[in-house]
Amino acid sequence: MAARSLWRSPAKLLALSAAAASGGAAATAIATSEDPATALKLCTVIPVRLARDAATAASIAFDYQYSLRGLPEDGKERARVKHEVHLRSALKLQDLCFKNGGVYIKIGQHIGQLEYLVPDEYVQVMRESMLNKCPVSSFDQVGEVIKKELGETPDKIFTEFDPVPVASASLAQVHVAKTPDGRKVAVKVQHSHMTDTAAADHATVSLIVNTLHRLFPSFDYRWLVDEIRESLFKELDFLHEAKNSEKCLDNFRKLSPHVADRVYAPKVYWNLSTSKLLVMEFMDATQINDVEAIRRLGIQPSEVSKLVSQTFAEMMFKHGFVHCDPHAANLLVRPLPSKGWLFGRKKPQLILLDHGLYKELDVATRTNYANLWKALVFSDAKAIKIYCAKFGAGDHLYALFAGILTMRPWNKVVDRSVDHLVVQGTDRPELQMYASQYFPQITELLTRLPREILLLLKTNDCLRAVNNALVQGSSLETYFIIGKISSEAVLEMNRLDARSLVGRLGVWLEEMQLEARLFLMQLALWLLRFRRALSI
């Protein structure tokens, strides 16, 4: 409870931080605290993490200033040196995230998705390390959490409990166990320090980011700190996560029955689960970015890519309840149980893990977002400008917003060719240059966008990385699916709003126009597949 109150009272955190700076004041703060143990931990942790943060920020800033001093802006030597500084700085930031853990790991994960905002060196370093090399709690710490939550040690509750975790993430780690009735389960255990130090971590990160913004106004990542503050406390409640997983599957059964059997989440064992401990059905499945393992299952990676696109398009445009952390470690694939084959290949089933971070979209937001994606897929420049403006990206920012959503420059976004949004491997240097050139405007845009749209941007970034692993870039099939589902969602809302005969006739004509567009797009897909088959 003490840790929770700190989230609601930044003044208490600042007082503890100040107290920690002097031994006598710290002793007084600890003695008068409602929870002396937590206060002692915070008074110890905050100064150390602040010192690490400050040292890392100073080291990175000095490296850029010293290494690039005197080098011509457009020279090859400056580009080479800048690449080296980017790489050194990314490794320093990675080291800071690992030493501090918790919230810092989540920030590192987020940076790994920001292809449109940070240099590629940061993206690659964070993406390669933050998902699969997170710090691990000791088995003694895991045992303490389980005993505190369930009243018994792991050996008393489970007949088997593997002390080595099969996965570790920023907030928790997962162990394989067996229940007395022989069921194989995944036991997700929160890192023991998280609840006590999460608020302190957020305060130190916030202090550093705000200080840097005051010193360097163009450096404005306050939106990222705000986003983490809003979502982290919910992610620390595993019962909230369990409820999200059940609601997600219920939405597919009710609102998207045609795809419901293709999407799955592990069953939760509620009698063994608490806010810090989550016991779930163990999933024997393959991580979504392991392409060779997927092929060995008899599944085509392109089919998995299409299923991922369909699953999240249904969530965004029809359900309004979106899993906002679909990075590769949270998505598994297995053959669809009890089903046949598709042209000699097994059908995939997508398994969604880690349901802590969801965003609920109101009807207006969901409809506007569907309209925007429909406009993007069908190159409707006028509609793109209208719906960008509804999210705060009017005036000169609509082209940037469209570019961030699609990773395509404006001239490609409004190109009438059917594959105008498909990103080829050779496009990546262009995208990095585009991001670097418009950094101040992108930062302004991110401060204007509603918080739920920032989370959807993160979701898009994660999905883009997953699709890139599966099909080495984006595909026309992906945008066909997005265009189809977003258009269906818009049509459904228009049907509900059409009260007169004229209105219903207008919706019918809109539906006919959509069918014609989708047919032409599908025809282009068939021709593309035919050309590929001939070239093999």
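Indicate the gyration tensor shape class of segment 68-219 (rounded, prolate or oblate), computed on the Cα atoms with a ≥ b ≥ c the square roots of the eigenvalues: a/c under 1.5 is rounded; otherwise a/b larger than b/c is prolate and the rest oblate. Show your work: numbers first, answer last.
On the way: a/c = 4.04, a/b = 2.35, b/c = 1.72.
Here segment 68-219 falls in the prolate category.
Please list, or write none, the lysines whose alpha carbon is within less than 30 Å of the alpha carbon of residue 382, excluding same-chain residues fewer than 8 places away.
Straight-line reach from residue 382, under 30 Å: 306, 318, 359, 374, 390, 412, 458, 484.
Only Lys, Arg, Asp and Glu count, each charged at its Cβ (+1, +1, -1, -1), so figure out the dipole size of segment 303-417 about its Cα centre, rounded to 20 debye.
480 debye
Starting with the highest mean, order 385-392, 397-404 by the number of other Cβ atoms within 10 Å, averaged over the residues of each peptide.
Values: 385-392: 18.6, 397-404: 22.8.
Top to bottom by mean Cβ count within 10 Å: 397-404, 385-392.
For residue 156, which lysines qualify as cross-link partners when the Cα separation must be under 29 Å and same-chain residues fewer than eight apart are set aside?
The qualifying lysines are 147, 148, 178, 184, 188, 243, 267, 276.
Would you mind computing the Rg to Rh ratio of segment 165-306 from its alpha-carbon coordinates, Kirkwood style for Rh?
Details: Rg = 19.5 Å, Rh = 18.3 Å.
Radius of gyration over Kirkwood radius for segment 165-306 works out to 1.06.
How far, in nm, would the chain grow between residue 61 and residue 389 when pulled straight, counting 0.36 nm per residue and subtracting the alpha carbon separation? Each step should come with its number before you reach the end.
Numbers: separation 328, 0.36 × 328 = 118.08 nm, distance 3.58 nm.
Between residue 61 and residue 389, full extension yields 114.5 nm more.
Apply the a/c threshold of 1.5 to the C-alpha gyration tensor of segment 452-498 and tell me whether it is rounded, prolate or oblate. The partial results should precede the final answer.
Values: a/c = 5.63, a/b = 1.74, b/c = 3.23.
Here segment 452-498 falls in the oblate category.
Stretch residue 530-residue 69 to full length: gain in nm at 0.36 nm per residue minus the Cα-Cα span?
Numbers: separation 461, 0.36 × 461 = 165.96 nm, distance 5.43 nm.
160.5 nm is the gain from fully extending residue 530 to residue 69.
What is the log10 of I(q)/I(0) for segment 55-131, computed with the Debye formula using one identical point scatterer on each Cα and no solvent, at q = 0.21, 0.24 Å⁻¹?
-0.92, -1.09
Just check segment 242-290 against the gyration tensor rule for me: Cα atoms, a ≥ b ≥ c as the square roots of the eigenvalues, rounded for a/c under 1.5, and otherwise prolate or oblate depending on whether a/b exceeds b/c. Could you put the intermediate results ahead of the total?
Working: a/c = 2.65, a/b = 1.28, b/c = 2.07.
Because a/c hits 1.5 or more and a/b fails to exceed b/c, segment 242-290 counts as oblate.
Report the charge-dipole magnitude of segment 136-211 in Debye, nearest 20, computed about the Cα centre from +1 at each Lys and Arg Cβ and -1 at each Asp and Glu Cβ.
Numbers: 7 positive and 10 negative charges, 44 e Å.
Dipole magnitude for segment 136-211 comes out near 220 debye.
Give me the percent relative contact order of segment 57-148, please, defined on Cα pairs under 8 angstrom at least 6 residues apart.
Details: 65 pairs, mean separation 20.4, N = 92.
Once normalised by length, the contact order is 22 percent.
Taken together, the values in this text are just the output of simple stated rules run on the coordinates, not laboratory data. Being a predicted model, the structure only gives us computed values, none of them experimental. Note that we place each Cβ from the backbone using ideal geometry, even for glycine, and neighbour counts take in every protein chain shown.
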